[in-house]
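Below: the structure, in structure tokens.
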Amino acid sequence: MLRFLTAGESHGPELVAIVEGVPAGFEIDPGQINEDLARRQKGYGRGGRMAIERDQVRIVSGLRFGRTLGSPVTLIVENKDFKSWQKRMSIDPRDRGEAVPVTRPRPGHADLAGVLKYNLEDIRDVLERASARETTARVAVGALAKQILAPFGVEVLGYVVSIGPIESRTPDDIGMAELRRLSEQSQVRVLDGEAERAIIAEIDACKKTGDTLGGVVEVVAHGLPVGLGSHVQWDRKLDGRLAGALLSLQAAKGVEVGVGFRAAALRGSALHDEIGYDQAARRFTRSSNNSGGSEGGMSTGEPLRVRVAFKPISTLMRPLRSVDIRTKAEATGAIERSDVCAIPAAAVIAETVVAFELARAFVEKFGGDSRSEIARNYQGYLEQVRNF
Ligand code: EPS
């Protein structure tokens, strides 16, 4: 089974991920992981930290001569900013006096629930790990997962559909290459230039007033076979697993699959994707893809389409009312260096999180210890479906 854990604090020395269950024989290019790490760092509205970091992966296990061995793959990304935090983030008890404790929890952040739950006196002990800096490790893992999916023709891409109140138009019939081209050239990862200009103005306005912005991102995956995930058990359903993984992202508040919440208002006759059969191609077809490529907890073979809504970042430069956890006196939330808007980065993060869940379902379905074994199982299955 493909699984991973991450470790590391936002201003600690490194972020680490251990990925277990990667079959042997996959060619892994660290350059492609670095590309996704760089994509995560971009986007109009990021704060000062991104000028300091230059996220690069160091792979210290599981790979030999460019290929996976079947053993755990360890991915490490250095926090360059640690240089300025060595004393304040030290593991040595003698350095305790070097740090001024953070005592004013930010509404919306993990700060208050975290100190109460873990019985901590310094909010930094919570915020360091709650920080979305952790997604650096998840992007590295997902970028590795993309290299497990790519040989089987599966492509995954995330882009932004709205930031704050501004919605960007997403053309219906747009291929993967064009989606990629348009979103990559946009400073906020949208497909529509007019919306981009309005979003940039909105980010500038929020920066001026010390405010922050959320948004919605969409992830599409092309090239999936029918039947990833399963209807037979709750924790094997692909849509449930995708939703769980996406909601585990910092600031994520909602997930939609396909038409999503809008489906609730439609009649069944208007929503469901009618079935046809293409004799020449020997495959079942659909008149539409409102399901978002997922029925009964399984992939349908149509493009997968999921959306995630993120709330605005909870660190406000013009902070909200709060209470000092030491004195219980009225206060305002602490100010930490942060971003005005991280939604363009969230699109890359959601993309890589989806890629991991798909790779997990793929390895589960076509299971094997090596790439060649998976390829045999995969080809055999495609033939079974074609001859059905
Ligand atoms: C970061 C994400 C955000 C940034 C962080 C780097 O983290 P958080 O969820 O804590 O707001 O603000 O930068 C800093 C913590 C900093 O000191 O500038 C990321 O994605 O790398």
Name the single residue, out of those in the range 126-136 being of a type in the set (Val, Ile, Thr) and closer than 21 Å to Gln56 by Cα, that is surrounded by the most Cβ atoms within 10 Å (Cβ to Cβ).
-> Thr136
The residue that is least open to solvent (accessible area, probe 1.4 Å), considering only those in the range 108-125 that are in a helix (DSSP H, G or I) and in contact with a Gly (Cβ under 9 Å, 6 or more places away or on another chain), is Asp111
Quick check: anything in the range 137-144 buried (at least 17 other Cβ atoms within 10 Å of the Cβ), outside any helix (DSSP H, G or I) and under 18 Å from the mean Cα position of the chain (by Cα)?
-> no
Condition met for Ala309 (open to solvent by 40 Å² or more (accessible area, probe 1.4 Å) and among the small types (Gly, Ala, Ser)) | no
Among the residues of the range 163-170, is any away from the ligand (no atom under 16 Å from the Cβ) and open to solvent by less than 20 Å² (accessible area, probe 1.4 Å)?
-> yes
Look at the range 3-17 and say how many of its residues are within 17 Å of the chain's Cα centre (by Cα) and either surrounded by fewer than 18 Cβ atoms within 10 Å (Cβ to Cβ) or of a type in the set (A, V, I, L, M) (or both).
-> 6
Residues within the range 19-40 that are surrounded by 18 or more Cβ atoms within 10 Å (Cβ to Cβ) and either within 16 Å of the ligand (Cβ to nearest atom) or farther than 20 Å from Leu149 by Cβ (or both), tallied | 5
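Considering only the range 246-359, give the strands (runs of 3 or more DSSP E) lying wholly within it that have at least 2 residues that are at pLDDT 95 or above, closer than 27 Å to Arg104 by Cβ and within 16 Å of the ligand (Cβ to nearest atom).
Ranges flagged: 252-257.
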State all residues of the range 41-67 that are in contact with a Lys or Arg (Cβ under 9 Å, 6 or more places away or on another chain) and within 12 Å of the ligand (Cβ to nearest atom); if no residue qualifies, say none.
-> Gln41, Lys42, Gly43, Gly45, Gly47, Gly48, Arg49, Met50, Ile52, Glu53, Arg54, Asp55
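The values are calculated or read from the model by the stated rules, or taken from the named source; none is laboratory data. Nothing here was measured: the structure is a model prediction, and the numbers come from that model. No Cβ is skipped: glycine too gets one built from the backbone with ideal geometry, and neighbour counts run over all protein chains shown. Calculation scope for accessible area: heavy atoms of the full protein, side chains included, ligands and nucleic acids excluded. Shrake-Rupley method; radii C 1.70, N 1.55, O 1.52, S 1.80 Å.
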